[in-house]
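Q: This structure is in structure tokens; I'll ask about it shortly.
The values are calculated or read from the model by the stated rules, or taken from the named source; none is laboratory data. From a predicted model like this one, the values you see are computed outputs, not experimental measurements. Note: ideal-geometry Cβ built from the backbone for every residue, glycine included; neighbour counts use all protein chains shown. These area figures cover heavy atoms from the full protein model, side chains too; ligands, DNA and RNA do not enter into them. Shrake-Rupley method; radii C 1.70, N 1.55, O 1.52, S 1.80 Å.
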Amino acid sequence: MTDPLDTDDLAPEPVAAEDECPRCLKPVALCVCDTVVPIENRIGLLILQHPQEQAKELGTARLTALHLTDAVFKIGLSWPSLAAALGRPADPKRWAVLYLGSMRPEDFPPGRELVVLDRKGAPLPEQEAALDEIEGVVVLDGTWSQAKTLWWRNAWMLKGRRIALKPQRPSLYGKLRREPRHEALSTLESSAFLLSRLEGRPEIETALLASFARMLERYRATQPDRPRPAGPRPDRRRPQQRRGRAR
């Protein structure tokens, strides 16, 4: 397991010689840390990043944590408990994990963008009461398969609530990132959406999305040609070149 990190490790430092920001670990050309003003959030946030999701130029996990005073960012595959991941005592029954799983848009109750699920993946009958009990949320940072790995390797997640989102707008990534489902959002967008609604503070989402938009604008400005959607490049080698060695 990769050594875990939290927001205490993200204190401002002089920019390194290799032109990488020591806080968000992005190239200086993409860094928006100078415009980030930390927000005091009432609902705690724990971001668990799959080790293989590191060093993604357009990743948003660290930027999300920098935006919030009560946010912990860790890298790894498994932790023995919620408290171990957070680094402080916490009751998993008062926390919720953002994990869509097999939930489809048509499975959401009418008119709801945010739903609390039981262990079998069915919406709980008393949604508002369930939301009011939540003290913190866990967000899994990685691809769909990586998020699934984190979900299954941390059994303590089953002790808490599970939350799924049905956003009405697409991700700001646009064509910069290819997603398997059109309702997929970045870690920053998901966290902003969730916290702003749980706390009833739309300014949380406004601030985080503004930083995300600035980062994407700077990324596009560094690309002389509009980048192709992220994903595996097509293999244009001839069939005989793709064959392995003869055994």
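Q: Kindly write out, for the stretch 208-218 in residue order, the coupling ³J(HN,Hα) from the Karplus curve 6.51 cos²θ - 1.76 cosθ + 1.60 (θ = phi - 60°), rounded to whole Hz, with x marking Gly and Pro.
A: 5, 5, 5, 5, 4, 4, 5, 4, 5, 5, 5
Q: Full extension from T69 to S81: what is 0.36 nm times the residue separation minus their Cα-Cα distance, to one decimal in nm?
A: Full extension from T69 to S81 adds 2.1 nm.
Q: Report, by chain and number, residues whose modeled amide H sits under 5 Å from the one on L114, excluding near sequence neighbours (fewer than 5 apart, same chain).
A: So L114 has HN proximity to K166.
Q: Estimate the FRET efficiency between Q54 and R178 by the formula 1/(1 + (r/R0)^6), using the beta-carbon distance for r and 22 Å for R0, to the nearest 0.05.
A: 0.70
Q: Moving to a separate point now. May I ask you to order 105-118, 199-212 by the average number of other C-beta atoms within 10 Å around their residues, highest value first?
A: Going from most to least packed, we get 199-212, 105-118.
Q: Right, here's the next one. Using modelled backbone amide H atoms (1.01 Å from N, in-plane), which distant-in-sequence or interchain residues come within less than 5 Å of I75's amide H?
A: It is L5, Q49, by chain and number.
Q: Same structure again: Once the piece of chain linking A155 and K93 is laid out straight, how much longer is it, given 0.36 nm per residue of separation minus the C-alpha distance between them?
A: My answer for the length gained is 21.0 nm.
Q: Across the stretch 74-82, in residue order, what do the Karplus-derived ³J(HN,Hα) couplings come to in whole Hz, using 6.51 cos²θ - 1.76 cosθ + 1.60 with θ = phi - 60° and x for Gly and Pro?
A: Once rounded to whole Hz, the list reads 10, 10, x, 10, 7, 9, x, 6, 4.
Q: If you don't mind, another one. Given the pairs K26/K148; K56/K166; K74/K166; K26/K74; K56/K93; K56/K159, which span a C-alpha to C-alpha distance of over 23 angstrom in this model?
A: K26/K148; K56/K166; K74/K166; K56/K93; K56/K159
Q: What do you reckon, how do S190, S102 stack up by accessible area (1.4 Å probe), largest on top?
A: S102, S190
Q: Here's a follow-up. What residue among V72, M103, L124 has its Cα farthest toward the positive end of the dipole of the stretch 69-140, where the charges are +1 on Lys, Arg and -1 on Asp, Glu, each on the Cβ?
A: The listed residue farthest towards the positive side: V72.
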